[in-house]
1. Which residues' amide hydrogens lie under 5 Å from the amide hydrogen of residue A:133, considering only partners 5 or more residues apart or on another chain, with H built in the peptide plane?
2. Too long at a 20 Å Cα-Cα cut-off: which of A:238/A:344; A:22/A:317; A:23/A:81; A:22/A:85; A:179/B:117?
3. Using only protein heavy atoms and a 1.4 angstrom probe, determine the accessible area buried between B and A, summed over both sides, in Å² to the nearest 100.
4. Taking the Cα centre as origin and putting +1 on Lys and Arg beta-carbons and -1 on Asp and Glu beta-carbons, what dipole magnitude results for region A:353-458, to the nearest 20 debye?
5. According to a simple spin-label model (label point 7 Å from Cα along Cα-to-Cβ), what is the distance in nm between residue A:305 and residue A:341?
6. Over region B:28-139, what is the mean sequence separation of C-alpha contacts under 8 Å (at least six apart), divided by residue count, expressed as relative contact order in percent?
7. Once you treat every alpha carbon in region B:1-94 as an equal point and sum by Debye, what is log10 I(q)/I(0) at q = 0.19 Å⁻¹?
8. For peptide B:105-115, how many partner chain Cβ atoms fall within 10 Å of a residue's Cβ, on average?
Amino acid sequence: MPDGDKKLDAKARYSAGVLEYKKMGYWEPDYAPKDTDVIALFRITPQDGVDPIEAAAAVAGESSTATWTVVWTDRLTAAEKYRAKAYRVDPTPNNPNEYFAYIAYELDLFEPGSIANLTASIIGNVFGFKPLKALRLEDMRLPVAYVKTFQGPATGIVVERERLNCYGRPLLGATVKPKLGLSGRNYGRVVYEALKGGLDFTKDDENINSQPFMHWRDRFLYCMEAVNRASAATGEIKGTYLNVTAGTMEEMYKRAEFAKELGSVIVMIDLVIGYTAIQSMAKWARDNDMILHLHRAGHSTYTRQKTHGVSFRVIAKWMRLAGVDHIHAGTVVGKLEGDPATTKGYYDICREEQNSVSLETGLFFDQDWASLNRMMPVASGGIHAGQMHQLIHYLGEDVVLQFGGGTIGHPQGIAAGATANRVALEAMVYARNAGKDYLAEGPIILAEAAKTCTPLREALDIWKDVTFDYASTDAPDFVPTTSVS
Amino acid sequence: MRVTQGTFSFLPDFTDQQIHEQVQYCIDNGWALSIEHTDDPHPRNTYWEMWGHPMFDNPDAAAVVYELNECRKVYGSHYIKIVAFDSSPGWESIRLSFIVNRPTEEPGFKLNRTEIKGRNIQYSISPYSSDKPQGSRYK
């Protein structure tokens with residue numbers, strides 16, 4: 001350790017003036033994190049000439065107790081305990097100006113059961129801190145002691161399946177299109193056709209709330225007529241994600257209560273309503289036997305760029321604590337951002353009881369979920385029946401596959417589009433269970449199933465060449481390297 | 001109409017060989033197999049009648065297919081499904097459930113609407129067959 005990084009005695013430490021963060025106690029290379037510590041991993045890009053260790057210490061300081069100058073009032077508290085401690089700084093593979101900084105936080109820094117409080121520290125002021133060019137929160141380790149202060153998913157994957165009486169295959173959904181402009185009556189038509197044709201769910205889009213062309217009560221009433229008609233036509237339990245997102249909590253509760261009164265099994269919210277509102281709706285959903293779907297509207301503004309923002313894996317962790325049941329988590333093969341390994345990491349966060357360190361999928365920590373329910377990931381955006389083998393291979397069984405265009409855009413109509421997807425899905429699950437190499441033989445399995453299902457034949461013909469093969473902007477950095485400390 | 005509950009109702013009805021394959025998959029995963037039957041296919045009829053206990057320690061898919069055919073001899077005009085239970089921690093519920101026998105005629109469901117205050121409608125669904133007493137449906 002260079003001489004200048006050494007800890008100061010109390011007199012030198014608390015003399016009035018400005019001191020480097022690393023000398024204020026925010027850099028402790030020998031610190032062994034406690035089981036009860038919250039740990040954050042940041043990707044830091046220091047300004048030119050800024051020492052990475054000082055930058056890491058500054059992040060620790062600014063996200064916990066520090067201000068820019070020495071304050072004597074530190075000495076009135078157990079300041080050592082409350083200071084976050086940067087304890088490890090590694091260069092990132094392939095990016096010479098970026099560093100992974102591990103920072104440990106004492107559990108008492110955080111209010112139990114509050115994402116708002118957790119995030120106010122961890123992604124608060126520190127993201128605008130001038131000595132850094134950029135800062136990204138890559139991952140967090142949430143101690144069991146803290147996890148247990150959260151409700152977790154209101155329903156969870158197992159109980160959702162029990163309520164829907166649907167096992168052994170991915171669920172199928174579709175977002176109603178066009179997403180804006182349909183009247184309530186026309187909107188319900190799409191819901192009815194899609195559910196009758198074989199989908200389990202239809203979905204409001206994120207920006208369908210209550211607009212001049214369709215007010216919310218009208219939508220809810222027509223949608224529930226459609227859901228119940230489809231249920232009678234198939235003998236299955238059906239649902240439609242009624243988006244209750246609104247300008248105030250009072251209005252959201254009002255809409256959610258109406259959805260409940262109408263017998264809906266599921267309601268939906270958008271990420272943009274905020275962490276506290278999400279936790280409130282999760283509590284409401286638990287109290288009212290409602291599945292809670294979260295549309296991650298807005299997340300790409302801060303999750304997509306690799307150097308600055310918050311990784312979606314962290315958002316997924318926060319949402320599992322906050323208590324949503326469904327979360328959009330990527331498709332791998334569809335039209336939206338999604339490196340396969342990174343996406344697998346997100347799905348593992350949603351569905352595993354315990355996550356193990358897995359650098360290749362972007363998971364930097366072991367994470368024990370302490371029996372919090374599992375979240376059902378949702379794959380949506382530019383997927384179609386012809387990709388069914390890949391979807392099941394990458395995403396597994398506990399997932400909602402949402403084919404919006406892939407249902408509604410079917411040449412023979414919406415119900416035919418839904419049937420094509422359902423037949424493709426069941427045929428692929430059947431083949432997988434029967435021990436076939438379904439990934440390699442996927443196209444053959446689909447062609448075989450299409451022999452007794454004309455809608456599937458047509459779907460395969462029309463979308464056979466559609467792929468979205470672009471380089472990902474957010475692949476994990478995982479070449480193991482030595483620490484600079 | 002065709003009741004499409006269960007994992008594979010959109011595929012053509014399975015042969016006993018295909019049922020055997022799916023059952024073997026369940027056994028290989030360590031799941032217990034159960035045979036259940038009903039003459040009330042309401043989507044929220046959770047508790048179908050059990051054909052004996054779930055088979056917890058049975059390594060042989062053929063035994064399940066045998067029991068299924070015994071069940072068919074008695075309840076061949078009813079819905080019969082095969083259900084796989086997973087007792088592993090954190091799941092402790094059903095993993096796979098598929099219909100393997102159904103009535104030749106499936107009359108479907110009636111949608112009942114009760115108009116209540118405002119424009120609200122209260123819905124209920126009832127199988128046409130359930131107008132008759134249990135045991136005398138699908139004759």
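The values are calculated or read from the model by the stated rules, or taken from the named source; none is laboratory data. Nothing here was measured: the structure is a model prediction, and the numbers come from that model. Backbone-built Cβ (ideal geometry, glycine too); neighbour counts: all protein chains shown. Keep in mind that these areas ignore ligands, DNA and RNA; they rest on the heavy atoms of the full protein, side chains included. Shrake-Rupley method; radii C 1.70, N 1.55, O 1.52, S 1.80 Å.
1. Correct list: A:45, A:47.
2. A:238/A:344; A:22/A:317; A:179/B:117
3. The contact between A and B buries close to 3400 Å².
4. 480
5. Result: 2.4 nm between the two label points.
6. Computed over region B:28-139, the figure is 27 percent.
7. One equal scatterer on each Cα of region B:1-94 leads to -0.98.
8. 2
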